[in-house]
1. Given (1) buried (at least 19 other Cβ atoms within 10 Å of the Cβ); (2) away from ligand 2 (no atom under 16 Å from the Cβ); (3) modelled with pLDDT under 95, identify the lone condition not met by residue 55.
2. So residue 20 fits all but one of (1) more than 16 Å from ligand 2 (Cβ to nearest atom); (2) closer than 14 Å to residue 268 by Cβ; what number is the exception?
3. Looking for whichever is surrounded by fewer than 20 Cβ atoms within 10 Å (Cβ to Cβ), without any contact (Cβ under 8 Å) to a residue 40 or more places away in the chain and either outside any helix (DSSP H, G or I) or within 16 Å of ligand 1 (Cβ to nearest atom) (or both) here; the options are 161, 144, 126. Which one fits?
4. Could you tell me which of the residues 272, 262, 280 is in contact with a strand residue (DSSP E or B) (Cβ under 8 Å, 6 or more places away or on another chain) and more than 16 Å from ligand 1 (Cβ to nearest atom)?
5. Quick check on segment 323-337: of everything there that is buried (at least 17 other Cβ atoms within 10 Å of the Cβ) and assigned to a helix (DSSP H, G or I), which residue is nearest to ligand 1 (Cβ to nearest atom)?
6. Can you tell me which residue in segment 250-259 is nearest to ligand 1 (Cβ to nearest atom), limited to those that are buried (at least 16 other Cβ atoms within 10 Å of the Cβ) and closer than 19 Å to residue 281 by Cα?
7. Can you find even one residue in segment 293-308 that is buried (at least 20 other Cβ atoms within 10 Å of the Cβ), within 16 Å of ligand 1 (Cβ to nearest atom) and either more than 17 Å from the chain's Cα centre (by Cα) or not in a loop (DSSP other than H, G, I, E, B) (or both)?
8. Condition check: within 16 Å of ligand 1 (Cβ to nearest atom), modelled with pLDDT under 95 and part of a loop (DSSP other than H, G, I, E, B). Does residue 219 satisfy that?
Ligand code: SF4
Ligand code: SF4
C-alpha cells in the first residue's frame, strides 16, 4: 500500500482536527464556540458537469447565488467577532461566477480571516488581491481526459494561466486538485491513468503540490499504488504529492466508517447558495441538516446568538444515525473525537 504522503504534517491529514480539540469539547460541554471555518458556497451555478458531482441534484434544483447581504462586510464582521478563523470559498458551484465575487473577495482579503478559494477556472482577479491559498479543481493530466470529463475550455489554457499567475506570485500556495474516478465496473476508464501526467503538469506549471484522492462513488481502483508511486517520482523539496485514502475506500468508493456518533461537525459551518446554513457538508441542500436559513431566521446575529450551540442544535447532532449517511467527509474527524477518551490520559 502506498503512503498517503511523505511529510505527515500537512493540511490533508485529518489529524489536524486535534488542534481544535478544546474548542470542540467546550462546544459539547455547553459553551458557545464558533465553528473554526466557514465553507462559503457563493453560487450553485457551475460551468462543469463532473460525473462524480454529488451536489448536482441540489445545484440543478436550486441554481441560485447567495444574496450579497448575507456575505457583505457586516456579515464578515460578525464572523470575526464570533471567533471564526477562516473561510473557504468553494462549491457547490464555481465561486468566481458570483456577480459580487470581486467585492466579496476584497472584503475577505482585508479581514483578519484566513481565506482559501477552490476554483475550476483561471484566476479572474487582480494578482494583488489574493487569498491565502488557491486550489484548482483539474482532475485530468491529458487534454483528451479533460474533454471526456466534459470540462469547459482547454486544459492547456487553464494550466498556462496558472503558470503566468505563478510567475507574479511566487509564494502563494497553489494546489492542483485531482479527484480520481473510474466508472463502477470498468477500471480502465475514467481519469485515473492520468495521475502521473497530472503530477508532471502540476510541477511544470508552478503548483506547490498535487492533491489526489478517490472520488466518492468511484468504482474499485486497483492500480492506485503504482500510479501514486509514479507521481511521487516528481516530488522535490518544493513540490509534494498528497494522496490521502483515509476518507474514501479504494475498494468501494465509499467512506470508511469506524465511528458511531456525529461529533465533529461543529468545527465547520456550511453556508450555501440558497442562504441555508447546513451542519453537514455531505447533506447540503437537505432540510434535515439545515440549521437555519439566513433569509428567514433574522440574519447572522440571530443565528449566532439563538441557533448555533442551542439545545436544539445539539439534539439535532445527537439524533444523526451515521450508518444512514451514504458518505461522510468528516469520517476521520468523527472517529478521532469518538475514540479520544479511550486513549491513555497520561502523557506517556
Ligand atoms: S466542479 Fe464541483 S460543483 Fe462543478 S460539477 Fe464538478 S464537482 Fe460539481
Ligand atoms: S455524513 Fe452523517 S455522520 Fe458524517 S458528518 Fe454528516 S451527518 Fe455526521
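The values are calculated or read from the model by the stated rules, or taken from the named source; none is laboratory data. Every value quoted in this text rests on a predicted model; they were computed, and no experiment measured them. Quick reminder, even Gly has a Cβ in these numbers, built from the backbone with ideal geometry, and neighbours come from all protein chains shown.
1. Unmet condition: (2).
2. Answer for residue 20: the failing condition is (1).
3. Details: 161 fails: either outside any helix (DSSP H, G or I) or within 16 Å of ligand 1 (Cβ to nearest atom) (or both); 144 fails: either outside any helix (DSSP H, G or I) or within 16 Å of ligand 1 (Cβ to nearest atom) (or both).
The match here is 126.
4. On the way: 272 fails: more than 16 Å from ligand 1 (Cβ to nearest atom); 262 fails: in contact with a strand residue (DSSP E or B) (Cβ under 8 Å, 6 or more places away or on another chain).
Exactly one of 272, 262, 280 is in contact with a strand residue (DSSP E or B) (Cβ under 8 Å, 6 or more places away or on another chain) and more than 16 Å from ligand 1 (Cβ to nearest atom), namely 280.
5. 331
6. Taking the candidates together, the pick is 253.
7. Within segment 293-308, none of the residues are buried (at least 20 other Cβ atoms within 10 Å of the Cβ), within 16 Å of ligand 1 (Cβ to nearest atom) and either more than 17 Å from the chain's Cα centre (by Cα) or not in a loop (DSSP other than H, G, I, E, B) (or both).
8. Details: within 16 Å of ligand 1 (Cβ to nearest atom): no; modelled with pLDDT under 95: yes; part of a loop (DSSP other than H, G, I, E, B): yes.
Answer is no for this residue.
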